[in-house]
1. Based on what the data block shows, is PRO109 crowded, with 22+ Cβ neighbours inside 10 Å and closer than 27 Å to GLN42 by Cα?
2. What pairs come out if I take residues in the range 216-245 that are more than 15 Å from THR112 (Cα to Cα) and pair them with residues that are of a type in the set (Gly, Ala, Ser) and modelled with pLDDT of 95 or more whose C-beta lies under 7 Å away, six or more apart or interchain?
3. Pairs under 7 Å by beta carbon, first residue assigned by the TED database to the domain that holds SER288 and at positive phi in the range 310-333, partner buried (at least 20 other Cβ atoms within 10 Å of the Cβ) and in a strand (DSSP E or B), six or more apart or different chains?
4. When you go through (1) closer than 30 Å to ALA55 by Cβ; (2) surrounded by fewer than 20 Cβ atoms within 10 Å (Cβ to Cβ); (3) modelled with pLDDT under 95; (4) not small (Gly, Ala, Ser) one by one for VAL143, which number turns out not to apply?
5. If a residue counts only when it is aromatic (Phe, Trp, Tyr) and at pLDDT 95 or above, which strands (runs of 3 or more DSSP E) contained entirely in the range 351-436 have at least 1 such residues?
6. For the range 203-230, enumerate the residues that are small (Gly, Ala, Ser) and more than 21 Å from GLY13 (Cβ to Cβ).
7. Is it true that ARG100 is closer than 16 Å to GLU213 by Cα and free of Cβ contacts under 8 Å to residues at least 12 places away in the same chain?
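The values are calculated or read from the model by the stated rules, or taken from the named source; none is laboratory data. Note that this is a predicted model, so its numbers are computed, not measured. Ideal geometry is used to build each Cβ from the backbone, glycine not excepted, and the neighbour counts take in all protein chains shown.
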Amino acid sequence: MALSVVILAAGSGTRMKSSTPKVLHKICGQELLLYSIEVALQLSDDVHIVLYNQAQRVQEVCQKRFGHRVIFHLQDFKNFPGTGGALIQEGKIIPTAYSRVLILNGDMPLITPASLHTLINVRASIVLGVIESKNPLGYGRVVIENKRIQAIVEEKDANAQIKKICTINSGIYIFNTEVLETYLPRLNNQNAQNEYYLTDIIKLAVSEGVEIEGVFVDEEEFSGVNDKVQLARAERVMLARLREEAMREGVIMHLPESIYLEKNVRFEGECEVEQGTQFFGDTLIKDSHIKAYSIVRDSQIISSDIGPMAHIRPNSYIKKTHIGNFVEVKNSKLYSMKAGHLSYLGDSEIDEGSNIGAGVITCNYDGKKKHKTKIGKNVFVGSDSQLIAPVSIADHTLIGAGSTITQDSKEGDLLIARSEQKNLKNGYFVFFKDKK
């Protein structure tokens, strides 16, 4: 497609009240700016990003994900502040490869390629996304006379009459490159914010008869994120999309509005997910049942049932396994085994047929380093046992309840490591009863 894309991501985002750049705040586990880049790369092979606030930090996050597929520019805020100044580099317009330029914002994560195609298919010299808003406060107003766009007036420059207008600027534009080349050099900063407004191009172009078309777009989809309230609203919308996509792909979700999942979570095969579950990071759920209020983070769960109220922490691989309530698993590989309740399995490898009793802990941390516990096939670990890593339990081992295991076993061993029980027959119960 003969279209260049420029993403504006230089703003300081002061309303976020955070040391993190606005465009690096996340919804559903992914930075706002990365959503804009994903969309841009579906539309063009010539994508530019304009940065300023903590530019190096933002660029590193983008390059980690997209490599060199995007081109970065540092805005000269001292000499050319504002959205118009963002397109000027060393006194010249950002060089783009194609004759049309789509302007996106780095804080609008909900926009879809399909909606942008609606604008792209309009063949005017300037195409502007406009919104009919019930609450236009804070946004640039689109002045329309005789059904034609005449100007965009920013909130801080608007008079009382202009502020009554409910048609607002979405901040998304498509310009023919020659329009930018003609009008960007003619912008000035004689306004309330002393900035160069990209929107001033509209007024200049209207005065010279340039063809401008406004396309009405969905307010929810084209809304920017400027504070933490809007961040939460955007995440709510994205969550609804992710849940719906998963259900349409065959996932059963109980009380879906209570389920949290991040963008990189994948479901495959036949999956059932109960209420209150949470899925984070790079997680795969395949042919599995995740029961109520369980948490899964950066792990793979295949042909297993998890929970309720289980916690699967990063780097766990669980296959053909039952993990019951209040079991925590971290950095472990579990295959065809059972841990019914109240256990911690960290830095462990447990093979098929093994059973982990209630209250079992793999003690993996010595205060400085993490160590691994290996449990073979058909091992029975009795309740309330502790396995002090590093330790290896061979196939067909039986561990008595309440044992503290510090040594490796051989195949078929019975391990018992606990204090000897003493039965004292000296009337202690009577003494205890009388004491009350």
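1. yes
2. Close Cβ pairs (under 7 Å, with a partner that is of a type in the set (Gly, Ala, Ser) and modelled with pLDDT of 95 or more) amount to VAL225/ALA234.
3. Qualifying pairs under 7 Å: ASN331/GLY346.
4. Among (1) closer than 30 Å to ALA55 by Cβ; (2) surrounded by fewer than 20 Cβ atoms within 10 Å (Cβ to Cβ); (3) modelled with pLDDT under 95; (4) not small (Gly, Ala, Ser), VAL143 violates only (1).
5. none
6. Looking only at the range 203-230, we keep the residues that are small (Gly, Ala, Ser), and these are 205, 207, 209, 214, 223-224.
Correct list: ALA205, SER207, GLY209, GLY214.
7. Working: closer than 16 Å to GLU213 by Cα: yes; free of Cβ contacts under 8 Å to residues at least 12 places away in the same chain: no.
So ARG100 fails the test.
Conditions (1) closer than 14 Å to VAL329 by Cα; (2) among the hydrophobic types (A, V, I, L, M, F, W, C); (3) in contact with a His (Cβ under 8 Å, 6 or more places away or on another chain), marked per residue:
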position: LEU342; (1), (2), (3): yes, yes, no
position: GLU349; (1), (2), (3): yes, no, no
position: ALA389; (1), (2), (3): no, yes, yes
position: HIS396; (1), (2), (3): no, no, no
position: ALA401; (1), (2), (3): no, yes, no
